[in-house]
Amino acid sequence: MKVRWRLIVPQLKQSWVLLALSLVCPTVTEFARGADAEWTVAGRSLTNWTAELQSSSPVARRRAVLSLGAFGKIAVPELAKALVHEDAVVRYWAASALGDLGNDAKSALDPLRKVHGEQSIGVRIAAAYALCRVGQVDEGLPTLLEGLKHDARGVWNSSADFLARIGPPAKAAIPTLESEGKRGADHIADICNEALRRIRGVDQSVPSKTSSATQGDAAGGKANKKIARESVFSKAFFEEDVSRFEKSTTKNKQPNVLWISAEDISPSLGCYGDSYAITPRLDQLANEGVRFNRCFTHAGVCAISRSGLITGMYPIAIGSQHMRSQIVPPSHVKAFPEYLRAAGYWTTNRSKTDYNFPPPKAAWDENSAQSRDWRGRAAAQPFFSVINLTTTHESQIRGRFGETLHDPAKAQLPPYIPDTPVTRRDWARYADLLTTLDRQVAAILDQLEADGLAQDTIVFFWGDHGQGLPRGKRWLYDSGTRTPLIIRWPGKLKAGSVNEDLVCFLDFAPTMLRLAGAEIPSHLHGRVLPPVEVVMTANSRQPSANGREFIFGHRDRMDETYDLIRSARDTRFKYLRNYAPVRSYAQNITYMNQMPTMREWRRLNEEGKLTGAPALHFRETKPIEELFDTEADPHEIVNLADQPEHAETLNRMRAALELWQEEIGDSGMIPEPLLVTPIQR
């Protein structure tokens, strides 16, 4: 019998006898958990989480209902009560959780029908999903088909996702899925494919439209024009006067700044100690400047990462957390180059933007592949030029190529990847692309030197997130969020120095404004990078971690696949909270599945040949909490969350994460259909 691990085994506080019985009969574990007064989810009991549904904090209420769902069928009465909660988000999550429980939620049929009668399509589709799962397909299915045809991506994406989770009982949806999969919206064919595959039980689908080399990262989506702002921002937050920044330039000479960004790379460079790497010019750049050892993005994918970087705000604070969502940002949110232009800078971008919202026209003097970079400016005008290099993008790893420069036999595979000729070839190809990138960086720096600007320009080199290989890109492990960052500032930053502070992409915007002499808006979430602050204040003492103990991250919808993960990291430990543990690590993402390593990994799993660390990715569910010692376990394999000796660390990091969610107003706790549609009872 195939056991469905709805209950996350590492979280069980049962005796070994009950654990052994659960392997044979999951209902034994259900019974044991219901009888165990000590059973908790993320440190709180069923009673505790139920009480938090009445919190005045929207984030706390939403976190509570998501946590109730992790208790399984013993939480059905509480989830049924939550269906009448005044917060529409609570009602949505309660209905979704009841749907996940299937027939165990039949006792909630009447309140589900009441929610299904609401006007808001966003709330109704969750109730429709639950009705289908408890056997009322004729009632629920028409609403999901209505949602599948909705104009807002958040609604049709969620409707297709619910249909996939219903599976074969939703077979009447097949004609509509086939039809909608052809209508041309970005990624909708992939979403419909997944639903069709799971409904049919076989891999038959509409041909995918995700065919271009970089569409998975660069394609646009329909704008989500309605973002739920109530309960996320205070009134004062929106009314902040930003006009004052236009007059805040300093009388001191403003430095030139050149950014060179690379796609999909971890710190896989010689200067970071990677013996497999051939990156001489980047190694030289590090010897001429500062190498940051602990630089992290807040999300392991490009658009979400760049959205936070360009605004200086966490995407979950402005609603831009879903991949390919194309939001309209709150009116006060600016792309920081807008402030630089107001301060007199010539600003150029060559040429990727990909912010999950259209690039503001006021941000760039030139923004195209034909940008002249610094050469188009007026005489003596300070410049901020960005050159984005796409050479190392994941799509290039899986492209056609001949022999590799790097020997695949010497590739340094992480322990979670199966060791085969296919996977070694992908890793060798990634290293080859880094060498090509190094040559491109050399050409840019040589041009800067030839133009006589090398000594007068601050150079930043960074990667937009971690390596574009499986369990790297898109995830919140260090392989997906730790990036290289090198800054060269001749005569100001000590050449060949290494910085160990925790820094993140939210720090880039305030750092740039500090360098330009512009005032830093109070709503930004980052801080000035410590070495830069030392120079700007002429302070001989290095500030310790810039006052920062933690950096944070989030994973939400990735193309067609929903998830809900939050992370906190200090200099040693990484904590992850999985708010959707029933969604496996190995969910399908069509674009990601084109990688040969991913295909090889899936093939070996289907053939039952995976053991050890590579097998962990294909667990049916995720642990509710994960805790890793990144010093002892840099690949984040051994989950310490259930080990008593780490309880203090777990509690400390859990508390930090929850406080951060409250402080920024985590809009990712609002389901995407409710972010993009009016909420009406």
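The rows are residues; the columns are (1) crowded, with 21+ Cβ neighbours inside 10 Å; (2) under 25 Å from A518 (Cβ atoms); (3) touching a residue at least 40 places away in the same chain (Cβ under 8 Å); (4) not small (G, A, S).
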| site | (1), (2), (3), (4) |
| --- | --- |
| I260 | yes, yes, yes, yes |
| D264 | yes, no, yes, yes |
| L269 | yes, no, yes, yes |
| P280 | no, no, yes, yes |
| S331 | no, yes, yes, no |
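Checking the structure you have, find out if any residue of segment 595-605 is surrounded by fewer than 20 Cβ atoms within 10 Å (Cβ to Cβ) and within 27 Å of D100 (Cα to Cα). Yes: segment 595-605 contains one or more residues that are surrounded by fewer than 20 Cβ atoms within 10 Å (Cβ to Cβ) and within 27 Å of D100 (Cα to Cα). The strands (runs of 3 or more DSSP E) found wholly in segment 409-510 and carrying at least 2 residues that are surrounded by fewer than 22 Cβ atoms within 10 Å (Cβ to Cβ) and modelled with pLDDT of 95 or more occupy 457-463, 497-499.
Looking only at segment 150-174, residues that are of a type in the set (D, E) and more than 13 Å from I199 (Cβ to Cβ) come to 1 in all. Scanning segment 150-173 for residues that are within 17 Å of H322 (Cα to Cα) and either more than 24 Å from the chain's Cα centre (by Cα) or free of Cβ contacts under 8 Å to residues at least 12 places away in the same chain (or both) yields one hit, D151. Give me a count of the residues in segment 282-298 that are in contact (Cβ under 8 Å) with a residue 40 or more places away in the chain, assigned to a helix (DSSP H, G or I) and either surrounded by fewer than 18 Cβ atoms within 10 Å (Cβ to Cβ) or not small (G, A, S) (or both). Of the residues in segment 282-298, 4 are in contact (Cβ under 8 Å) with a residue 40 or more places away in the chain, assigned to a helix (DSSP H, G or I) and either surrounded by fewer than 18 Cβ atoms within 10 Å (Cβ to Cβ) or not small (G, A, S) (or both). Only one entry in G399, G463 is within 23 Å of the chain's Cα centre (by Cα) and small (G, A, S), namely G463. The criterion of at least 2 residues that are at pLDDT below 95 and more than 21 Å from A195 (Cα to Cα) is met, among helices (runs of 4 or more DSSP H) falling completely within segment 527-640, by 530-537.
Under the condition of being charged (D, E, K, R) and more than 21 Å from Q119 (Cβ to Cβ), the residues counted in segment 77-103 number 3. Per this entry, A369 is counted among residues that are part of a loop (DSSP other than H, G, I, E, B), within 30 Å of the chain's Cα centre (by Cα) and within 19 Å of R350 (Cα to Cα). For segment 121-167, filtering for residues that are outside any helix (DSSP H, G or I), surrounded by fewer than 19 Cβ atoms within 10 Å (Cβ to Cβ) and of a type outside the set (D, E) leaves 4. Every condition in (1) in contact (Cβ under 8 Å) with a residue 60 or more places away in the chain; (2) touching a Leu at 6+ places or on another chain (Cβ under 8 Å); (3) assigned by TED's automatic domain parsing to the domain that holds W462 is met by S522 except one, and the failing one is (2). Remark: D283 matches the filter, which requires a residue to be of a type in the set (D, E), closer than 28 Å to D501 by Cβ and more than 27 Å from the chain's Cα centre (by Cα). For segment 49-72, a residue qualifies if it is assigned to a helix (DSSP H, G or I) and either at pLDDT below 95 or among the small types (G, A, S) (or both), and the qualifying residues are A51, A60, A64, S67, G69, G72. Condition check: closer than 15 Å to I670 by Cα, not in a helix (DSSP H, G or I) and not hydrophobic (A, V, I, L, M, F, W, C). Does E86 satisfy that? In short, yes.
If you go through segment 123-139 and keep only what is free of Cβ contacts under 8 Å to residues at least 60 places away in the same chain, within 14 Å of S158 (Cα to Cα) and small (G, A, S), you end up with A127, A128, A130.
Can you say whether N651 is surrounded by 15 or more Cβ atoms within 10 Å (Cβ to Cβ) and either under 22 Å from T420 (Cα atoms) or modelled with pLDDT of 95 or more (or both), as far as the supplied structure shows? No, not satisfied.
Within segment 314-355, the set of residues being touching a Pro at 6+ places or on another chain (Cβ under 6 Å) and part of a loop (DSSP other than H, G, I, E, B) comprises Q321, A335, Y345, T353. The sole residue among A442, A450 that is touching a Pro at 6+ places or on another chain (Cβ under 9 Å) and farther than 30 Å from H322 by Cβ is A442.
The set of residues from segment 639-649 being in contact with a Phe, Trp or Tyr (Cβ under 7 Å, 6 or more places away or on another chain) and of a type in the set (A, V, I, L, M, F, W, C) comprises just one member, L640.
The values are calculated or read from the model by the stated rules, or taken from the named source; none is laboratory data. Worth saying up front: this structure is predicted, and the values here are computed from it rather than measured. Here Cβ is always computed from backbone atoms with ideal geometry, including for glycine, and neighbour counts include all displayed protein chains.
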